[in-house]
Amino acid sequence: MEKTEILRADILDILFENRNKDYGAYELRKQYGRRMTRAVLAMVLICGMAMMAGLFARKSDNKNQTLDVVTDVNLAKLKEPEPEPELPKPKPVEEQKIATEILTAPKITDDKDVKEEEVMKPVEDYENVKISNIKQDGADDIGIVTPPVEQGIKGIAAPVKQEPDYDVIFTTVEIAASFPGGIGEWRRFLERQLNAELPAENGAPPGVYTVVVSFIVNKLGQVSDVRAETDPGYGTKEEAVRVIQKGPNWIPAEQNGHKVIYRHKQSITFRVE
């Protein structure tokens, strides 16, 4: 392309100088502006049609709306319903008592020792009465079975369920006391506070030295009464007790949903390489 032609030529002609313009890229870039103009016009047309459709729909909805007429009601003009007449209450039915008689078991004794109520009556006196453990006046027995009257029979009370005492020291609970933060925080606490080199400094040979420490955790998580259950020696017992006493409060144990006083056991291990 000559120098004079470069000033008048399009940027695409310069880019595609000595290249194949029939491949497609040249035509796409050449018509890019025209395509963008058409796309923008089409979008504006579609949006305008959508807005016009919304306006027409809103006008048609306004035409179809109905006016609700509210009428004031004067409550003073309404008559109160007359109260229903009360029905007469039924008279309680009195329980009819049936005559009962005590059947005296035959017993051989002296006449002077016989009481009046223990005297056996003739068989005719038991025909129209019920046999019971008490004597009662009433109507003649017509064959209806009635239970005997209980006298002086005491009921057996159900055993009272005693609430467990939650102020004692527990050694077995549903949820044991634990170090705040779990095992990871307990390990980090020992790494910061425990003098792990103490056994080696006291001449302990290589090996593992475990101290079992027991202590009380009260309902508030406070630690007290720290004891060493085992003592491998070389100062490990004293160091384990010191660390527990210096440590923070623990999470208290629980039994039946209640926080309780608990004696907890915890192992502390020293390793000498």
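Read-outs throughout are calculated quantities, based only on the coordinates presented, and are distinct from any laboratory measurement. Note that this is a predicted model, so its numbers are computed, not measured. Positions of Cβ are generated from backbone atoms using ideal geometry, with glycine treated the same way; all protein chains shown enter the neighbour counts.
By its C-alpha gyration tensor, with a ≥ b ≥ c as the square roots of the eigenvalues, how is the range 169-272 shaped: rounded for a/c under 1.5, else prolate for a/b larger than b/c, else oblate? Show your work: numbers first, answer last.
Working: a/c = 2.59, a/b = 2.09, b/c = 1.24.
Taking the square roots of the gyration eigenvalues as a ≥ b ≥ c, the range 169-272 is prolate.
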Length gained when the stretch Thr230-Thr37 is fully extended (0.36 nm per residue, less Cα-Cα span): 60.4 nm
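Going by C-beta contacts inside 10 Å, put Ile268, Ile46 in order with the fewest on the left.
Values: Ile268 20, Ile46 10.
Starting with the residue having the fewest Cβ neighbours, the order is Ile46, Ile268.
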Euclidean distance between Cα centres, the range 29-56 to the range 182-261, Å: 79
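For the range 158-273, what is the percent of antiparallel DSSP beta bridges, rounded to the nearest 5?
Values: 20 of 22 bridges.
If I count the DSSP bridges inside the range 158-273, around 90 percent turn out antiparallel.
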Amide H contacts of Ile175 (H built 1.01 Å from N, under 5 Å, at least 5 apart or other chain): Glu254
Label-point separation, Glu84 to Glu238 (7 Å along Cα→Cβ), nm: 9.3
Simple spin-label estimate for Gln162 and Ala53 in nanometres, 7 Å along Cα-Cβ: 8.4
Cβ crowding within 10 Å averaged over residues, with 251-257, 197-203, 173-179 ranked highest first: 173-179, 251-257, 197-203
Residue-wise HN-Hα coupling along the range 225-242, computed from phi with Karplus coefficients 6.51, -1.76, 1.60 (Hz; x: Gly, Pro): 6, 7, 10, 9, 6, 10, 9, x, x, 6, x, 5, 4, 5, 5, 5, 5, 4
Exposure proxy ranking, count of Cβ atoms within 10 Å, fewest first, for Glu185, Glu239, Glu86: Glu86, Glu185, Glu239
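What ranking do Leu45, Leu87, Leu194 get, fewest neighbouring Cβ atoms within 10 angstrom at the top? Write down the numbers at each step before the final one.
On the way: Leu45 10, Leu87 6, Leu194 17.
Taking fewest neighbouring Cβ atoms as first place, the list is Leu87, Leu45, Leu194.
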